[in-house]
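**Q** To start, I am sharing the structure in question, which I have written as structure tokens.
The values are calculated or read from the model by the stated rules, or taken from the named source; none is laboratory data. Note that this is a predicted model, so its numbers are computed, not measured. Every residue, glycine among them, receives a Cβ derived from its backbone with ideal geometry; neighbour counts consider all protein chains shown.
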Amino acid sequence: MKIGIAMDSFKGSVTSLEAGLAVERGIKALVPKAEVELCQVSDGGEGSLEAIYDYCGGSWQKVQTVNLMFEPIDVEYLICTIQAEKTAVIESARVIGLHFIQPSEATVSQSSSYGLGEVIKDALTKGVSKIIVTLGGSGTTDGGLGMLQSLGASIYNDQQELMGILGNPLNTFDTLDMRSVFEYYQQSGIQLEIANDVANVYAGANGAAYVFGPQKGATAAQCQWLDQQLSKVALAALEAGIDLQKVPGSGAAGGLGGAFSLLGAQMTSGFELMAGVLNLRDRLKGVSVIYTGEGSLDSQSAAGKVPSGMAGIANQSGIPIIALGGRREPFLGTLEERLTAAFSIQLEPQSLAQALNKETTLLGIETVANQSFKLLQTTLS
């Protein structure tokens, strides 16, 4: 009997690997000799680099840059071989993540994606043929202009004065000159691939400012102003032949998706990118059951998250799939019928702080994996 385990991290509690090992302990308490294929996995957000390093190996690169508030930080990214190509993999959240700030009106007006561009520039000097950037967890709403500034773009205000790099460049944006960026990037010949799981466009009611701005601290007035500025950027892009309002995901990460689109980057589902890099379909061939899960199993889990992606792999091969979550909503939307079963790992009433405790989470995962597998044993060969 072979068991497949592909757990996402439980944010703020345990990593993908820790969650997977807890499932394995629960199963091996019943079947000590069970063969287990344990896959670290991510949907392209937190934990992506660790999952890729676990499977592909590679070397960690450290670079000095600034976070979204222009505070100096050291950031690691990964260089490894993926499908015979030397590839750099960068998590944008490590540079401009929401975790660096207490979201507020002030942070919205001061934050920029500039530091991410500095990491990309470093990767461009490493002899890679491809750069993969994951967009999840960004704390900025600058339309990706800060990143473009770092790569050499010039931004002018309505007086046609060249703007500096500090602060959110959308605040003063009027026109954009990307000739230096195109020259710099196109000469490199390096492919850009972006891991992204939202379909929001650059501007408008379904755009970066109105949909994601509030969670980053933006007031209603700021959302309106930022959207007006994003619309101005989109108009400039349209004049250059790129319609950001027709690019699904251009509004991701505060508009970073759109900025990368201007560079000709390929936009890919975060989970599908990870599934390909980690060779999940081949590694899970022949398993009798798959265990997956994440911190919160809810209606959003069907939208490109790990449980949804793993359900797709399992369903294609007719493999039972069990999902475990730190919490479980009564109805999981379209994911409901694609999972064999889904369980909360909570063993008793407790506060959120208690539930997020690492030892509590690991015990819950191990226990529910053990008990659910005990039931499955009656039907699995």
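**Q** So which of 261, 296, 250 ends up being among the hydroxyl-bearing types (Ser, Thr, Tyr) and more than 22 Å from residue 191 (Cβ to Cβ)?
**A** Sole residue among the options that is among the hydroxyl-bearing types (Ser, Thr, Tyr) and more than 22 Å from residue 191 (Cβ to Cβ): 296.
**Q** Still on this model: Kindly indicate whether residue 311 is farther than 25 Å from residue 56 by Cα and either in contact with a helix residue (DSSP H, G or I) (Cβ under 7 Å, 6 or more places away or on another chain) or not assigned by TED's automatic domain parsing to the domain that holds residue 185 (or both).
**A** No: the conditions fail for residue 311.
**Q** Quick check: is even one residue across segment 174-193 surrounded by 17 or more Cβ atoms within 10 Å (Cβ to Cβ), touching a Phe, Trp or Tyr at 6+ places or on another chain (Cβ under 9 Å) and either farther than 26 Å from residue 136 by Cβ or of a type outside the set (Gly, Ala, Ser) (or both)?
**A** yes
**Q** Next question. Across segment 302-333, what is the total count of residues that are charged (D, E, K, R) and touching a residue at least 40 places away in the same chain (Cβ under 8 Å)?
**A** 1
**Q** Here's a follow-up. Select the helices (runs of 4 or more DSSP H) contained entirely in segment 36-150, then report the ones holding at least 2 residues which are touching a residue at least 12 places away in the same chain (Cβ under 8 Å) and touching a strand residue (DSSP E or B) at 6+ places or on another chain (Cβ under 8 Å).
**A** Where helices (runs of 4 or more DSSP H) fall fully within segment 36-150 and carry at least 2 residues being touching a residue at least 12 places away in the same chain (Cβ under 8 Å) and touching a strand residue (DSSP E or B) at 6+ places or on another chain (Cβ under 8 Å), they are 48-56, 93-96, 114-124, 145-150.
**Q** Something else: Go through segment 222-266 and give me each residue that's buried (at least 17 other Cβ atoms within 10 Å of the Cβ), within 22 Å of the chain's Cα centre (by Cα) and either outside the structural domain of residue 142 (by TED's automatic domain parsing) or over 18 Å from residue 206 (Cα atoms) (or both).
**A** Within segment 222-266, 260, 262, 263, 265 meet the criteria.
**Q** Run residue 206 past the list (1) buried (at least 23 other Cβ atoms within 10 Å of the Cβ); (2) part of a loop (DSSP other than H, G, I, E, B); (3) at pLDDT 90 or above and report the number of the one that doesn't hold.
**A** (1)
**Q** Would you check if residue 336 is free of Cβ contacts under 8 Å to residues at least 12 places away in the same chain, part of a helix (DSSP H, G or I), not hydroxyl-bearing (Ser, Thr, Tyr) and not assigned by TED's automatic domain parsing to the domain that holds residue 215?
**A** yes
**Q** Another one. Mind listing whichever residues of segment 276-312 are part of a helix (DSSP H, G or I), over 16 Å from the mean Cα position of the chain (by Cα) and farther than 13 Å from residue 5 by Cβ?
**A** 281, 282, 299, 311, 312
**Q** Taking interchain pairs and intrachain pairs at least six residues apart, which have beta carbon atoms under 6 angstrom, with the first residue in segment 271-283 and over 13 Å from residue 82 (Cβ atoms) and not assigned by TED's automatic domain parsing to the domain that holds residue 83 and the second surrounded by fewer than 22 Cβ atoms within 10 Å (Cβ to Cβ) and of a type in the set (Phe, Trp, Tyr)?
**A** Matching pairs, first to second residue: none at all.
**Q** Is it the case that residue 102 is under 13 Å from residue 71 (Cα atoms) and surrounded by fewer than 19 Cβ atoms within 10 Å (Cβ to Cβ)?
**A** Spelling it out, it is not the case that residue 102 is under 13 Å from residue 71 (Cα atoms) and surrounded by fewer than 19 Cβ atoms within 10 Å (Cβ to Cβ).
**Q** When residue 218 is evaluated against the numbered criteria (1) modelled with pLDDT of 95 or more; (2) part of a loop (DSSP other than H, G, I, E, B); (3) of a type in the set (A, V, I, L, M, F, W, C), which criterion, by number, is the only one it fails?
**A** (1)
**Q** Something else now. Regarding residue 372, is this residue surrounded by 15 or more Cβ atoms within 10 Å (Cβ to Cβ), touching a Ser or Thr at 6+ places or on another chain (Cβ under 9 Å), among the hydroxyl-bearing types (Ser, Thr, Tyr) and more than 18 Å from residue 8 (Cα to Cα)?
**A** no
**Q** Which members of segment 136-186 meet the condition of being within 18 Å of residue 91 (Cα to Cα) and among the β-branched types (Val, Ile, Thr)?
**A** If the condition is that a residue be within 18 Å of residue 91 (Cα to Cα) and among the β-branched types (Val, Ile, Thr), then 140, 141 are the ones that fit.
**Q** Report, by residue number, each residue of segment 288-328 that is acidic (Asp, Glu) and at pLDDT 90 or above.
**A** 294
**Q** Working only within segment 138-171, note down all residues that are touching an Asp or Glu at 6+ places or on another chain (Cβ under 7 Å) and either acidic (Asp, Glu) or buried (at least 19 other Cβ atoms within 10 Å of the Cβ) (or both).
**A** 150, 153, 158, 168, 169, 170
**Q** Moving to a separate point now. Using beta carbons and a limit of 8 Å, which pairs, at least six apart or on different chains, have the first residue in segment 1-29 and free of Cβ contacts under 8 Å to residues at least 60 places away in the same chain and the second one charged (D, E, K, R) and buried (at least 24 other Cβ atoms within 10 Å of the Cβ)?
**A** 16/8
**Q** Would you say residue 92 is crowded, with 22+ Cβ neighbours inside 10 Å, within 30 Å of residue 217 (Cα to Cα) and of a type in the set (Gly, Ala, Ser)?
**A** yes
Okay, residues lined up against (1) within 26 Å of the chain's Cα centre (by Cα); (2) not hydroxyl-bearing (Ser, Thr, Tyr):
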| position | (1), (2) |
| --- | --- |
| 103 | yes, yes |
| 116 | yes, yes |
| 125 | yes, no |
| 146 | yes, yes |
| 149 | yes, yes |
| 152 | yes, yes |
| 175 | no, no |
